[in-house]
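Reading through the structure tokens given below for one structure.
The values are calculated or read from the model by the stated rules, or taken from the named source; none is laboratory data. In this text, all values refer to a predicted model and were calculated from it rather than measured experimentally. No Cβ is skipped: glycine too gets one built from the backbone with ideal geometry, and neighbour counts run over all protein chains shown. When the accessible area is computed, the model is the full protein with side chains, heavy atoms only, and any ligands, DNA or RNA have been set aside. Shrake-Rupley method; radii C 1.70, N 1.55, O 1.52, S 1.80 Å.
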Amino acid sequence: MMHPRALSLALVALLVTACGGSATTTTSGAATTSPPETSSTTTTTEAETTTTVGGPIVLIHEATGECAEDMAVTAIERTIPEDADPITTAFELQLAALAGEEAPQELVRSATVTDGLLTVDFVDLRSVLDNASTTCGMFALLAVLQATAFQFPEVEQATFQLEGSCSDFEVWLQRGEDCPEYAQP
């Protein structure tokens, strides 16, 4: 039987591939690198040559390290449609993978970058990601959210909100009421 997390990642990969995207898995430490802007695949056979050009690539992540504040993550490349907003789409795909859903839901209310600060406002995730308020769940969630945010070169810091409140996000994770601006590692 396949591990539930592996199954959810496989389902997301299947969904992305079925929608004309591609999926590649890579492993990294806590830091991620910026994704390439586009992907292309060339297939050559004796009879023909075809080239398929994809859209921008974003990375989604899985926490793979020990339960600690600086958990390592595994990066997985996803090709998204040309007209999709890369930041919003990356977070939608990330949350779908975390929630184990077959298809991404609209869980991101907004994602904006102002002077290097990314603010991501989520719908109320408490019922969707019910283990995030545990210590390991919180470390894992923050690790993948930060890795998702900092793959974009224009992002220097990030803050996360639930329904417009960063305080609610932090209280949900049992980190107090302060609204930190997470810095790139």
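Going through (1) under 15 Å from the mean Cα position of the chain (by Cα); (2) without any contact (Cβ under 8 Å) to a residue 60 or more places away in the chain; (3) under 17 Å from Val58 (Cα atoms) one by one, Thr112 falls short only on (1). Residue count for segment 105-163 satisfying the condition of being assigned to a helix (DSSP H, G or I) and farther than 20 Å from Ala75 by Cα: 1.
Considering only segment 127-143, I want to know if a residue exists there that is at pLDDT 90 or above, polar (S, T, N, Q) and open to solvent by less than 30 Å² (accessible area, probe 1.4 Å). The answer is no; no qualifying residue exists.
Just one of the numbered conditions (1) in contact with a Gly (Cβ under 9 Å, 6 or more places away or on another chain); (2) modelled with pLDDT under 95 is not true of Glu69: (1). Out of Val108, Val53, Val113, one residue alone is modelled with pLDDT of 95 or more, over 27 Å from Ser133 (Cβ atoms) and among the hydrophobic types (A, V, I, L, M, F, W, C). It is Val113.
Taking the condition buried (at least 16 other Cβ atoms within 10 Å of the Cβ), under 26 Å from Gly54 (Cα atoms), polar (S, T, N, Q) and out of contact with any Leu (no Cβ under 7 Å at 6 or more places or on another chain), does Thr119 pass? When the stated conditions are applied, Thr119 does not pass them.
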